[in-house]
Amino acid sequence: MKIFNTLSRKVEKFEPINPPSVGIYTCGPTVYSRAHIGNLRTFVSTDILKRILNFLGYKVSHVMNITDVDDKIIKESKGEKNKQKEITQKYEKLFFDDLKELNIEMPEKTPRATENIQKMVDMIKNMVQKGYAYKTEDGIYFSIQKSKNYGELAGLKNVSGTKIRIKNDKYEKDNPQDFALWKFYDKEDGQIYWDTEIGKGRPGWHIECSAMSTKCLGESFDIHTGGTDLIFPHHTNEIAQSEAVSGERFVKYWVHGGFLNIKENPSAEAEKMSKSIGNVITLDSLKEKNINPLAYRYLTLTSHYRSEMNFSWEALIGAQSALEKLFDFYNEFGKNIGKADKKYVSEFKKLLEDDLAMPEAVALVWKLVKDDSVENEDKKATLLEFDKIFAFGLDKLKKEEIPQEIRKLASERELARKNKEWEKADQIRKKIEILGYELKDTKNGFELKSVK
Ligand code: AMP
Ligand code: ZN
């Protein structure tokens, strides 16, 4: 397996620290608003990586944190503890629902920042003791000058030796600064603070991830993922803090996903999808347009995970018809499932191992579908093998066997409708429902579905 490592800026051979175990940490959502499909692209990419590693025989342990306290959440909840809980619980649930809709496997662990404050405090104490951190009137800051290779991940040169400080969690790459590990209480924080050995206050965003990742995966682990915007300052600062505490390399492979961009109108320049620009699309807006969220999953796989991707409704609708075509083919290949074709599976594996060449893997699906030299039942088996990675849900597409009794009732109802015997038709429909089936009228007659 080969994978691009942001740290070396090269495609590298993947060699985990303790094979066959692989630890992956993903920066999770800040739960104060709905995730947009740009965020979700990054989470689909990590899901693909995780599925590939499991497919190749590794045993992946995946951790994704939930950022449930930070500058934005405090602002949104106006410092009220109940409100903070209400907001973060609401958006955490909606986020997990989104993952489910996209067939993204739940990580093995999803620690919340507010439940791991003690680990953060311990790390900060350790950094103060070792001289990596210092106290000011408004917080405890990390001194980037003390860090051995500060900025290596982001390719920063001439990291300034001056002691300019920044309290905000987000700032620009051109201006590396000492950043806040712990923010002392400010009246704007209202009821949201912790009384700890290092003072009354709350953690900075960067220390949250250092604490939760090392607590769950150990001080040195294999893979850390996120979108490219996190390279600086977030991941850069995570490295500085974690390595200051442990004295060991924090992460072996840094894997970053490219951004999803969108044009405001056809003649405009594409811009990144972002809440602050206000150009976001959520899974709900897809569903309102009758688009299956899995069509979005399909669409994301048609671009390489590291490339930027321009969103358009036309492309998404195209992805939806491609996916439906695939479902139809799969059903038309018959009931029997044969044996996965070795040649195709080996070609597929090669693509997965080549830094996640998913667009080529999608193309291979269509080559297989149209290949007359492979038996239909073997095509089905091969597609099911591929679907361990794609996760389009082919295994759930089994054509339903509707019992004879139900089909007979449905025909009787159809007849009653034709004879304008509305009451009788309604009664039969109710009977069908009681027996656990749903009857939907369509242009060409009716459709039956089990609702069990
Ligand atoms: P946030 O909730 O803002 O911390 O973002 C969650 C994840 O989504 C992070 O890994 C970000 O890097 C990623 N992300 C944010 N915007 C985009 C975008 N437009 N395209 C792809 N990934 C994004
Ligand atoms: Zn993070």
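Quick look at the values:
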{"quantity": "Amide proton proximity set for Thr196, modelled H, under 5 Å, gap of 5+", "calculated": "Gly201"}
{"quantity": "Carbon and sulfur %, accessible surface of region 2-257 computed with the full protein complex present, 1.4 Å", "calculated": "46 percent"}
{"quantity": "Charge dipole magnitude, Cβ of K and R +1, D and E -1 - the chain, Cα centre, debye nearest 20", "calculated": "340 debye"}
{"quantity": "Positive-end extreme of charge dipole, the chain - chosen from Ile406, Asn149, Ala180 (charges on Cβ)", "calculated": "Ile406"}
{"quantity": "Rounded to whole Hz, the Karplus (6.51, -1.76, 1.60) HN-Hα couplings of region 385-392, x for glycine and proline", "calculated": "5, 4, 6, 5, 9, 4, 6, 8"}
{"quantity": "Amide H within-cut-off set for Phe446, under 5 Å, with H built and near neighbours excluded", "calculated": "none"}
{"quantity": "Charge dipole (region 284-396, unit charges on Cβ, about Cα centre) - positive-most of Leu326, Ser285, Val345", "calculated": "Val345"}
{"quantity": "Probe 1.4 Å, protein heavy atoms only - accessible area per residue of the chain in square angstrom", "calculated": "50 Å²"}
{"quantity": "Region 127-186, relative contact order in percent, only Cα pairs under 8 angstrom and at least six apart counted", "calculated": "37 percent"}
{"quantity": "Sparse-neighbour loop sites [chymotrypsin sites (Phe, Trp or Tyr not before Pro); region 164-249; at most 15 other C-beta within 10 Å; DSSP]", "calculated": "Tyr171"}
{"quantity": "Filter on Lys418/Lys440; Lys78/Lys275; Lys10/Lys50; Lys135/Lys157; Lys75/Lys187 - keep pairs with C-alpha separation over 22 Å", "calculated": "Lys135/Lys157"}
{"quantity": "Bins of 5 Å from zero: percent of alpha-carbon pairs in region 331-430", "calculated": "2, 11, 18, 15, 10, 6, 6, 7, 8, 8, 5, 2, 0"}
{"quantity": "Accessible surface ranking that places the most exposed of Lys135, Lys130 first, with a 1.4 angstrom probe", "calculated": "Lys135, Lys130"}
{"quantity": "At most 13 other Cβ within 10 Å, DSSP loop - trypsin sites (Lys or Arg not before Pro), region 357-444", "calculated": "Lys370, Lys398, Lys399, Lys420, Lys443"}
{"quantity": "Relative contact order %, region 112-234, counting alpha carbon pairs below 8 Å whose residues are six or more apart", "calculated": "27 percent"}
{"quantity": "Sulfur and carbon atoms: percent of accessible area, region 284-396 [1.4 Å]", "calculated": "48 percent"}
{"quantity": "Sulfur and carbon atoms: percent of accessible area, region 404-450 [1.4 Å]", "calculated": "48 percent"}
{"quantity": "³J(HN,Hα) computed for each position of region 131-145 - Karplus, 6.51 cos²θ - 1.76 cosθ + 1.60, integer Hz, glycine/proline x", "calculated": "x, 7, 10, 9, 9, 10, 6, 10, x, 10, 10, 8, 8, 5, 4"}
{"quantity": "Percentage relative contact order, region 404-450, counting C-alpha pairs under 8 Å, at least six apart", "calculated": "28 percent"}
{"quantity": "Integer Hz, Karplus 6.51/-1.76/1.60 couplings in order for region 93-104, x for Gly and Pro", "calculated": "5, 4, 5, 4, 4, 4, 4, 4, 4, 9, 6, 8"}
{"quantity": "Residue range of the chain that is longest and free of GluC sites (Glu not before Pro) which are both DSSP loop and sparsely packed (at most 11 other C-beta within 10 Å)", "calculated": "1-136"}
{"quantity": "Placed amide H near Glu271: partners under 5 Å, 5+ positions off or other chain", "calculated": "Ile262, Lys263, Glu264"}
{"quantity": "Simple label model, 7 Å out from Cα along Cβ direction - Lys287 to Glu423, nm", "calculated": "3.9 nm"}
{"quantity": "The chain: Cα Rg divided by the 2.2 N^0.38 Å rule of thumb", "calculated": "1.16"}
{"quantity": "Exposure ranking of Met309, Met1 by accessible area [1.4 Å probe, largest first]", "calculated": "Met1, Met309"}
{"quantity": "For Ile277, solvent-accessible area (1.4 Å; no DNA, RNA or ligand), Å²", "calculated": "70 Å²"}
{"quantity": "Charge sum, other residues only, whose C-beta stays under 15 Å from Ala357's C-beta, Lys/Arg counted +1 and Asp/Glu -1", "calculated": "+1"}
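The values are calculated or read from the model by the stated rules, or taken from the named source; none is laboratory data. Given the structure is predicted, the values throughout are model-derived calculations rather than measurements. We place every Cβ from the backbone using ideal geometry, glycine too, and count neighbours over all the protein chains shown. Only protein heavy atoms, including side chains, enter the accessible area calculation; ligands, DNA and RNA are left aside. Shrake-Rupley method; radii C 1.70, N 1.55, O 1.52, S 1.80 Å.
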